[in-house]
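Student: Take a look at this one; I'll ask things after.
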């Protein structure tokens, strides 16, 4: 089985225990929980039973120890994670508003995670990857991490590539700049996982159908529009397939999109066609939101199969 490789930010996340508790007021925080889009993706893929490796940087501190220990326990190959004494492990803080939206505070670019650069991407690790996953959140951290992502693409020329836009437009320098920076990843991608809003940023098209056509014209074989609890829509040159989601009592939505993407990639590598892979991914995403903490709901294949049946 070819390894799935992800790279980017690894962080310890703290969160408010309930809605309506903003971060600009004193209050209780739960955590630390392992977080960061690439970490959630890799941990989910490994728990689903597929070999996964992760490249990133953590601090030589208790949070860094937590992240590496937890990833190893999940089955992720952590040999590409560098531990530095020069910066502390990155952290994020999350609060939930009454309308379901979230408020984030990050210490990331100047933390250990932000020290990831192209020299961390070794030919041995990258060339062993059968699938390379890029998150737009990693592209947004700083120029060094963007260079690391481009280096991974260069050193894994035969790997299939997936892109979760996970857009941080303000960090990428605006819409036009974000579109330009992600263009070479889109061109290499076998599949892109945008929300409808991210699709508009990537293509400039407000209409979903036109936006998908524009994105497919750039190179991807599949565009999978994430719709949260409603499921997803899979687009290819052959048309569109709507795939319903699975009902779930939402406890924590953070990381559900990353888990969904991991589920789709694993199912695809197991040989499932796009509709079946999307249904599998919807089940993975549904299970992900049922536990508090960004990667706590990452499910095993047996749990996913139970939901599917």
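The values are calculated or read from the model by the stated rules, or taken from the named source; none is laboratory data. None of these values were measured; they are calculated from a predicted model. Positions of Cβ are generated from backbone atoms using ideal geometry, with glycine treated the same way; all protein chains shown enter the neighbour counts.
Student: Filtering the stretch 293-309 down to residues that are under 17 Å from the mean Cα position of the chain (by Cα) and farther than 18 Å from residue 51 by Cβ, which residue is surrounded by the most Cβ atoms within 10 Å (Cβ to Cβ)?
Tutor: First, the residues of the stretch 293-309 that are under 17 Å from the mean Cα position of the chain (by Cα): 293-299.
Narrowing the set further to residues that are farther than 18 Å from residue 51 by Cβ leaves 293-294, 296-297.
Numbers: 293: 20, 294: 29, 296: 17, 297: 26.
Of everything passing the filter in the stretch 293-309, 294 is surrounded by the most Cβ atoms within 10 Å (Cβ to Cβ).
Student: Considering only the stretch 233-257, state which residues are in contact with a helix residue (DSSP H, G or I) (Cβ under 6 Å, 6 or more places away or on another chain), over 22 Å from residue 187 (Cα atoms) and free of Cβ contacts under 8 Å to residues at least 60 places away in the same chain. If you could, list the steps in order and put the result at the bottom.
Tutor: Kept after step one, since they are in contact with a helix residue (DSSP H, G or I) (Cβ under 6 Å, 6 or more places away or on another chain), are these residues of the stretch 233-257: 234-235, 241, 243, 245-246, 248, 255-256.
Now restrict to residues that are over 22 Å from residue 187 (Cα atoms): 241, 243, 245-246, 248, 255-256.
The answer is 241, 243, 245, 248, 256.
Student: Confirm whether residue 220 is at pLDDT 95 or above, crowded, with 21+ Cβ neighbours inside 10 Å and within 19 Å of residue 254 (Cα to Cα).
Tutor: Working: at pLDDT 95 or above: yes; crowded, with 21+ Cβ neighbours inside 10 Å: yes; within 19 Å of residue 254 (Cα to Cα): no.
No.
Student: If residue 192 satisfies every condition in (1) within 30 Å of residue 98 (Cβ to Cβ); (2) without any contact (Cβ under 8 Å) to a residue 60 or more places away in the chain; (3) in contact with a helix residue (DSSP H, G or I) (Cβ under 7 Å, 6 or more places away or on another chain) but one, which is the exception?
Tutor: That leaves (1) as the condition not met.
Student: Determine if the stretch 196-207 includes at least one residue that is within 30 Å of residue 125 (Cα to Cα) and in contact with a strand residue (DSSP E or B) (Cβ under 6 Å, 6 or more places away or on another chain).
Tutor: no
Student: Same structure, new question: Across the stretch 154-182, what is the total count of residues that are out of contact with any strand residue (DSSP E or B) (no Cβ under 8 Å at 6 or more places or on another chain) and assigned to a helix (DSSP H, G or I)?
Tutor: Final tally of qualifying residues: 13.
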